[in-house]
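Encoded as structure tokens, the structure appears first; notes follow it.
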Amino acid sequence: MLELYPDRLKEFRKIVPKGEKIEVKKWHDEVSGLLDKRFSIEEQLDKEVGELACVEVIDYNKANEAREHSNEVHQKEKEHERVREPQRKHCYPER
């Protein structure tokens with residue numbers, strides 16, 4: 001834990017320069033403001049992620065339905081060709 005102290009102190013000094021007093025109320029207000037922004041962003045993100053998931057499901061279902069339809073058409077064409085094929089009689093030339 002102590003080995004992390006120098007790195008944490010450097011990060012802290014980037015935010016609060018050395019010698020500057022930290023006012024608890026001001027610091028608390030800033031943290032509260034940042035948390036409020038974070039929560040509003042998370043709400044928007046949750047909504048966007050939900051909408052994106054719906055779009056992906058719809059796209060997948062549309063592609064899957066098109067594939068199934070194509071398979072059905074292909075199967076019907078095959079069956080139709082089998083029915084239309086004339087039955088060949090073997091004709092042997094007379095000798």
- Got at least one residue in the range 71-79 being among the β-branched types (Val, Ile, Thr), closer than 30 Å to Arg8 by Cα, at pLDDT 85 or above and under 42 Å from the mean Cα position of the chain (by Cα)? no
- Under 9 Å by Cβ, and 6 or more places apart or on different chains, what pairs join a residue from the range 38-51 that is on the phi < 0 side of the Ramachandran plot with one that is at pLDDT 95 or above and open to solvent by 90 Å² or more (accessible area, probe 1.4 Å)? none
- Residue check, Arg13 modelled with pLDDT of 90 or more and not aliphatic (A, V, I, L, M): no
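The values are calculated or read from the model by the stated rules, or taken from the named source; none is laboratory data. If you're wondering where the values come from, they're calculated on a predicted model, not measured in any experiment. FYI the Cβ positions are ideal-geometry reconstructions off the backbone, even for glycines, and counts take in every protein chain you see. The area values use the complete protein model at the heavy-atom level, side chains included, leaving out ligands, DNA and RNA. Shrake-Rupley method; radii C 1.70, N 1.55, O 1.52, S 1.80 Å.
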